[in-house]
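All remarks here apply to the structure that follows.
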Amino acid sequence: MFWRSRLEAAIPGGAHTYSRGGDQYASLAPEILVRGKGAYVWDPEGDKFLDYGMGLRSVILGYADRSVNRAVIREIKNGNSLSRPSITELNAAERLIELIPSAEMVKFAKNGSNVTSAASKMARAYTNRKYICVPNQQPFFSFDDWFIGSTAVKRGIPENYHELTLKFDYGSIDTLEALFNKHTGEIAAVMLEPATHLLPCLDSCKKISGNLDCLACPNHKENFLKQVQALCKRHGAVFILDEMRTGFRWHLRGAQEMYGVSPDLTTFGKALANGFSVAALVGKREIMDLASIDKVGTERVFLLSSTNGAEMSSLGALLETTRQLESDKISEYLWDYGTKLRDGFTHLAKQAKVDQHIFLDGPSVALELTALDINFQASTKFRTLFLQEMAKNHVLIASGNTFAPSFAHKERELKATLDAFSNSFLVYKNALERDIDLYLEGEEVKPVFRKYN
Ligand SMILES: Cc1ncc(COP(=O)(O)O)c(C=O)c1O
């Protein structure tokens, strides 16, 4: 607890991201890290862990990728932040326009929250309406008041913000339609992640686990995203996809390409620059243009504007990362690795006779862990036990962000993970048969979005 207490004394929450905090990891996980290389991270004692958090999913190629680092250093040597727009900034914007079919203009920022907040502002400016709709099942879009005011953690946010973000159920177009009927002419936008462990094409999309060819799916017409797109169009609302987590992991051109939709605005971040700080708002010119300065006489929207928003080193990382994502077909690799991970997990869980109590759900590129107790009830204690045992085997998994492998996770890492599963399942089985408290060595992990500590 030495590091954790120092961290929590110096930094509220003990980290600059709540999902990096001490309540998100089992007690045997390292409390602080010194460095990362490839698929591994090291703590100050020199202990090495195979990492599945990968910088909150941002490190898609592997830590300290040599070519990305070279590109970053080149930009640092060129000054990193100049007085006018840089060539790197222009190249990076044009690169995203080339890659993402719905991107006609681009605005960069440093954090995902900044661009989702910017997207909601653009939608409000474009429609002159106030409400933003987001799904109940997707926990996070921004640290800003417009979104956090709609969660359990409202403290510090004026009440008039609480009602401006409306919730519907992902996969149920009726619940979204009900909001449009209740607030006719007042909904500015629908913002959602294209997919999580919940998929837009209902049952048929289960095929996606081993099959990238989603557009060939026979029920494609029932695709929830297409339904949302059509509903937004009918009601004059802006259709926004938040591809912070799906971007570049699901498909080089975004999950929007797989599901055949064309959002008005999209937000990207995380894997875009292999752990360097870049987020992007991209979208249709008709909307993005509201923030332009060349339309004489039109009322302006003050969009993103920050000193470091187009920092050259991070955008150099973006250019090199997207080059590798394309040339090495990284998203296909990640689907394949995830499939092997899930197959191995399922096989070993069956062997250990715990497969009715612990399993991986969702598509192979976004696997989710479910941990049940002896009565088949979801159990935070059993979830924590599994994470604890994996940490004992030097595999680092965060509670809320189960598996985010990178291109640096190869056969050797897969085998090490499967060995760790095997060892952890033995303890899980003992805990099911006896008393979990005999096996749990620290506190249970906790949800990020809770009202009270
Ligand atoms: C879906 C989604 N949107 C937005 C964000 C915010 O991104 P950032 O942490 O870069 O501000 C996150 C972060 O986890 C996210 O998962």
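The values are calculated or read from the model by the stated rules, or taken from the named source; none is laboratory data. Being a predicted model, the structure only gives us computed values, none of them experimental. Every residue, glycine among them, receives a Cβ derived from its backbone with ideal geometry; neighbour counts consider all protein chains shown.
Looking at segment 287-296, is at least one residue more than 30 Å from Lys37 (Cβ to Cβ), small (Gly, Ala, Ser) and in contact (Cβ under 8 Å) with a residue 12 or more places away in the chain?
In the first step, residues of segment 287-296 are kept if they are more than 30 Å from Lys37 (Cβ to Cβ); the result is 287-296.
Filter once more, keeping what is small (Gly, Ala, Ser): 291-292.
Filter once more, so that each one left must be in contact (Cβ under 8 Å) with a residue 12 or more places away in the chain: 291.
Looking through segment 287-296, at least one residue is more than 30 Å from Lys37 (Cβ to Cβ), small (Gly, Ala, Ser) and in contact (Cβ under 8 Å) with a residue 12 or more places away in the chain.
In the set Leu318, Leu385, Leu341, which member is modelled with pLDDT of 95 or more, surrounded by 22 or more Cβ atoms within 10 Å (Cβ to Cβ) and touching a Lys or Arg at 6+ places or on another chain (Cβ under 8 Å)?
Numbers: Leu385 fails: touching a Lys or Arg at 6+ places or on another chain (Cβ under 8 Å); Leu341 fails: touching a Lys or Arg at 6+ places or on another chain (Cβ under 8 Å).
None of the other options fit; the residue is Leu318.
Taking into account only those residues within segment 261-278 that are of a type in the set (Ser, Thr, Tyr) and touching a strand residue (DSSP E or B) at 6+ places or on another chain (Cβ under 6 Å), which is farthest from the ligand (Cβ to nearest atom)? Break it down into steps so the answer makes sense when it comes.
Step one: list which residues in segment 261-278 are of a type in the set (Ser, Thr, Tyr), which gives 262, 266-267, 277.
Next, only the ones that are touching a strand residue (DSSP E or B) at 6+ places or on another chain (Cβ under 6 Å) stay: 266-267.
Details: Thr266: 11, Thr267: 7 Å.
Ranking the qualifying residues of segment 261-278, first place goes to Thr266.
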Any idea which of (1) within 29 Å of Phe141 (Cα to Cα); (2) in contact with a helix residue (DSSP H, G or I) (Cβ under 9 Å, 6 or more places away or on another chain); (3) not assigned by TED's automatic domain parsing to the domain that holds Arg383 is the one Leu82 doesn't satisfy?
-> (1)
Qualifying positions in segment 339-378 - of a type in the set (S, T, N, Q), out of contact with any helix residue (DSSP H, G or I) (no Cβ under 8 Å at 6 or more places or on another chain) and part of a loop (DSSP other than H, G, I, E, B) = Gln356, Asn375, Gln377
Out of the residues in segment 156-183 that are assigned to a loop (DSSP other than H, G, I, E, B) and in contact (Cβ under 8 Å) with a residue 24 or more places away in the chain, state the one that is nearest to Ala119 (Cα to Cα).
-> Leu164
What pairs can you find where one residue is in segment 342-359 and under 18 Å from Tyr52 (Cα atoms) and touching a residue at least 24 places away in the same chain (Cβ under 8 Å), the other is surrounded by 17 or more Cβ atoms within 10 Å (Cβ to Cβ) and of a type in the set (S, T, N, Q), and their Cβ atoms are less than 6 Å apart, with a gap of 6+ or different chains?
-> Arg342/Ser364
So Ser424, is it under 16 Å from Arg342 (Cβ atoms) and at pLDDT 95 or above = yes
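Looking at Leu50, Leu61, which is the one that is assigned to a strand (DSSP E or B) and buried (at least 19 other Cβ atoms within 10 Å of the Cβ)? Please lay out each step first, then the result.
Details: Leu61 fails: assigned to a strand (DSSP E or B).
Leu50 is the lone residue from the list that is assigned to a strand (DSSP E or B) and buried (at least 19 other Cβ atoms within 10 Å of the Cβ).
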Residues of segment 240-252 being buried (at least 24 other Cβ atoms within 10 Å of the Cβ) and away from the ligand (no atom under 16 Å from the Cβ), which ones?
-> none
Would it be correct to say that Ile32 is at pLDDT 95 or above, within 16 Å of the ligand (Cβ to nearest atom) and more than 21 Å from Pro447 (Cβ to Cβ)?
-> no
Do we have any residue at all in segment 90-111 that's in contact (Cβ under 8 Å) with a residue 40 or more places away in the chain, more than 16 Å from the ligand (Cβ to nearest atom), closer than 27 Å to Leu367 by Cβ and out of contact with any helix residue (DSSP H, G or I) (no Cβ under 7 Å at 6 or more places or on another chain)?
-> yes
Specify the residue that is surrounded by the most Cβ atoms within 10 Å (Cβ to Cβ); the eligible residues are those in segment 388-399 that are assigned to a helix (DSSP H, G or I) and hydrophobic (A, V, I, L, M, F, W, C).
-> Met390
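Scanning segment 400-414 for residues that are farther than 18 Å from Phe425 by Cβ and surrounded by fewer than 22 Cβ atoms within 10 Å (Cβ to Cβ), which turns out nearest to the chain's Cα centre (by Cα)? Explain how you work it out, then say what you get.
Initial filter on segment 400-414 (farther than 18 Å from Phe425 by Cβ): 400-401, 404-413.
If we keep only those that are surrounded by fewer than 22 Cβ atoms within 10 Å (Cβ to Cβ) too, we end up with 400-401, 408, 410-413.
Numbers: Gly400: 11, Asn401: 8, Ala408: 19, Lys410: 22, Glu411: 25, Arg412: 26, Glu413: 22 Å.
The qualifying residue nearest to the chain's Cα centre (by Cα) is Asn401.
Does Tyr52 satisfy the condition of being of a type in the set (Ser, Thr, Tyr) and in contact with a His (Cβ under 9 Å, 6 or more places away or on another chain)? Give the steps one after another, and end with the answer.
On the way: of a type in the set (Ser, Thr, Tyr): yes; in contact with a His (Cβ under 9 Å, 6 or more places away or on another chain): yes.
Spelling it out, Tyr52 is indeed of a type in the set (Ser, Thr, Tyr) and in contact with a His (Cβ under 9 Å, 6 or more places away or on another chain).
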The correct count of residues that are closer than 21 Å to Gly400 by Cα, among the aliphatic types (A, V, I, L, M) and in contact (Cβ under 8 Å) with a residue 12 or more places away in the chain in segment 1-50 is 8
Would you check which residues across segment 124-145 are crowded, with 17+ Cβ neighbours inside 10 Å, in contact with a helix residue (DSSP H, G or I) (Cβ under 6 Å, 6 or more places away or on another chain) and hydrophobic (A, V, I, L, M, F, W, C) and list them?
-> Ala125, Ile132, Cys133, Phe141
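Could you list, in sequence order, all residues of segment 112-144 that are assigned to a loop (DSSP other than H, G, I, E, B) and either under 19 Å from Gly269 (Cβ atoms) or more than 16 Å from the ligand (Cβ to nearest atom) (or both)? Steps first, please.
Taking segment 112-144 first, the residues assigned to a loop (DSSP other than H, G, I, E, B) are 128-130, 136-144.
Matches in segment 112-144: Asn128, Arg129, Lys130, Gln138, Pro139, Phe140, Phe141, Ser142, Phe143, Asp144.
Residues in segment 290-303: is at least one within 16 Å of the ligand (Cβ to nearest atom) and either not in a strand (DSSP E or B) or not aliphatic (A, V, I, L, M) (or both)? Can you show your working first?
Residues of segment 290-303 that are within 16 Å of the ligand (Cβ to nearest atom), as a first pass: none.
Scanning segment 290-303 turns up no residue that is within 16 Å of the ligand (Cβ to nearest atom) and either not in a strand (DSSP E or B) or not aliphatic (A, V, I, L, M) (or both).
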Between residues in segment 186-203 that are assigned to a helix (DSSP H, G or I) and residues that are modelled with pLDDT under 85, which pairs lie under 8 Å by C-beta distance while being six or more apart or on different chains?
-> Leu202/Asn219; Leu202/Glu222; Asp203/Asn219
